[in-house]
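The values are calculated or read from the model by the stated rules, or taken from the named source; none is laboratory data. Note that this is a predicted model, so its numbers are computed, not measured. Cβ atoms come from the backbone with ideal geometry, glycine included; neighbour counts cover every protein chain shown. For the accessible areas, the whole protein counts, side chains as well, though only heavy atoms, and no ligand, DNA or RNA atoms are used. Shrake-Rupley method; radii C 1.70, N 1.55, O 1.52, S 1.80 Å.
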Amino acid sequence: MFGSNRDRLIKQFKSMRADDRRGACFRLSEFQDDEVTALLCEALGDANDEVRLTALRSLSARHGERVTAAIVKFIKQFGFSGDAGKIAVNTLVSHVVSAASMTAVAGLTLAVKDWHEENHDPASNCLINFAKTAPTPLYLQFLCLLLASENIGDTHDRSGQDRLMRLLDKVIGQRPSSEAAKPLLTAFRMASLVVRKHLVLAAEKCGWKPQNAEQRATSYVVTNRVKKAEAEGEAALKPLMWTLNSLLRSNSSLASQSDTRLARELIQCLGRMKDRRTVPFLIERLAECKEGWDYSGEIVDALAAIGDDRLVVPCVEILRDSQRKNSVRRAIASALGRFGLSQSNPAIVEALRELAAEPDPDLAAAGFEALFDFGDPAAIKNLLKHDHPLQRRKALVVLHRQANEQQLREVALDHSSIMTRAEACQFLSHEGLKSLAAADSTIGKVALALVSLWSNSIGMSFRRLPDPEYPISMGIFSVTNEQYRCFDWVRSQRMAMSGDG
């Protein structure tokens, strides 16, 4: 009679109706044999929520590795939501307490990351107690499981990582044994960047000390002491590149401000170190730059600081690649402009001219600005025609930087804007002003420009002109409704200097 009832329930367990399966799971909890246990474990994967929950309740009083593994699988598949999550966590806790099951420990490390506090807290407390009392082999296994916890390096789950690291800190703080240092350092290279700082600090709590320059540099880098790492010299190259690689390949949308600052600092550090062995690595990172997590400008600056011509080819390729994000192409152009390659790299100049001809106004502006920074004659000529006076002044600054007195004189003589002519005079050297003043047919234009710009400080502006003993008589014009009055410049200058004016 008893056996036939059990067989009927097993048959009912295979029913197409969810209510029948749920009822069978409930009634089968009375039987403790392995076959029933296997069926209940199978029911944890049922398509119906109620069937799964009933099977979970029926298994909550059972032990054994098969049950533990089935519940961990259930958690991975369905998560910790609702009553099912609470029952699963409590069951795993009982398995850890009663049998020190490492499978249950692995399941609880997942619960520690869960955002439901009612699941996180009991799991965390159970694991801390387990770590305090477990024999050394189990304690080390626990640390390895914790550090290898599924998705520990997933940047989509920063809050879960934080919970795991807080748990790690508590465990190490209560049991800082020297044996713990090894799994911590072994996990270091596999962990996400977010986790590495915790691992180094935890290892130091366990008595670990850096044994050589590379280990010191590694410790400095992951704890955001980049300048100290740089002081270790060549030994810092691998930790710097490795850490930067992890940062640049992380999820851009979830990058924190501290990650952003660290990435920039690492790139700048590599540029300052000027080690040519880092050039291939930086070029690879340059090719991987993407929207939202874009350090192409900083990378080009670092390559420029190193002074390696190998940057030319990838920069040209990116500038010409229409499939690239516009932000990356703009950043490359801007960085090249700051580098100031001038005409020594015609391939880059040509690529920037192509960029300046792009229909997208932002791209065109970036290409033009870079060409202008290069001192490209065509770009300067175009900028001098700009409607805005501040843009025209930028062109004059470049001409002054190039010591191009001839073109500055041409602007001073012939530009349509009085203001720009005056500013061109301002950038001319003393000898250039003398040369300009010597041209009788043009001095009127120059004087008009000067008075226009410095109408309230004529004395100051005159100090840029030839001294009073210069033997050429010149005129100065003040502007009033297009009508001009002429004064003897030498006389007015002498009067101003003697105080009679």
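S94: polar (S, T, N, Q), part of a helix (DSSP H, G or I) and surrounded by 15 or more Cβ atoms within 10 Å (Cβ to Cβ), yes or no? Please lay out each step first, then the result.
Working: polar (S, T, N, Q): yes; part of a helix (DSSP H, G or I): yes; surrounded by 15 or more Cβ atoms within 10 Å (Cβ to Cβ): yes.
Judged against the criteria, S94 is a match.
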Criterion (assigned to a helix (DSSP H, G or I), among the aliphatic types (A, V, I, L, M) and at pLDDT below 70) met by exactly one of A395, A424, A439, A447:
A447
Determine whether A378 is surrounded by fewer than 18 Cβ atoms within 10 Å (Cβ to Cβ) and among the small types (G, A, S).
yes
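Return yes when S192 is closer than 20 Å to A263 by Cβ and modelled with pLDDT under 85 and no when it is not.
Taking the combined requirement at face value, the residue satisfies it.
Which one of P361, P389 is open to solvent by 50 Å² or more (accessible area, probe 1.4 Å), closer than 24 Å to C425 by Cα and not β-branched (V, I, T)?
On the way: P361 fails: closer than 24 Å to C425 by Cα.
Step by step, each of P361, P389 is checked, and only P389 is open to solvent by 50 Å² or more (accessible area, probe 1.4 Å), closer than 24 Å to C425 by Cα and not β-branched (V, I, T).
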Mind checking whether some residue in segment 294-304 is open to solvent by 60 Å² or more (accessible area, probe 1.4 Å) and at pLDDT below 90?
no
Positions within segment 103-128 being more than 14 Å from Q141 (Cα to Cα), open to solvent by 10 Å² or more (accessible area, probe 1.4 Å) and out of contact with any Leu (no Cβ under 8 Å at 6 or more places or on another chain), in sequence order
L110, D114, W115, H116, E117, E118, H120, D121, P122, N125
List pairs: first residue in segment 71-86 and loosely packed, with under 15 Cβ neighbours inside 10 Å, second residue in a helix (DSSP H, G or I) and modelled with pLDDT of 90 or more anywhere in the structure, Cβ distance under 7 angstrom, at least six positions apart or on different chains.
D83/L53
Among the residues listed as T223, T243, the single one being of a type outside the set (F, W, Y), within 24 Å of E288 (Cβ to Cβ) and open to solvent by less than 50 Å² (accessible area, probe 1.4 Å):
T243
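Name every residue in segment 1-31 that is open to solvent by 100 Å² or more (accessible area, probe 1.4 Å) and more than 56 Å from the chain's Cα centre (by Cα), in order of residue number.
First pass over segment 1-31, keeping only residues open to solvent by 100 Å² or more (accessible area, probe 1.4 Å): 1-2, 8, 11, 14, 16-17, 26, 30.
Within segment 1-31, M1, F2, R8, K11, E30 meet the criteria.
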Here are some conditions: (1) over 25 Å from F188 (Cα atoms); (2) open to solvent by 10 Å² or more (accessible area, probe 1.4 Å); (3) of a type outside the set (A, V, I, L, M, F, W, C); (4) modelled with pLDDT under 85. D157 meets all but one. Which one does it not meet?
(1)
Checking the condition modelled with pLDDT under 75 and open to solvent by 30 Å² or more (accessible area, probe 1.4 Å), which residue from E369, E431 passes?
E431
Restricting to segment 54-70, and then to whatever is open to solvent by less than 30 Å² (accessible area, probe 1.4 Å) and not hydroxyl-bearing (S, T, Y), can you tell me which residue is farthest from E35 (Cα to Cα)?
L56
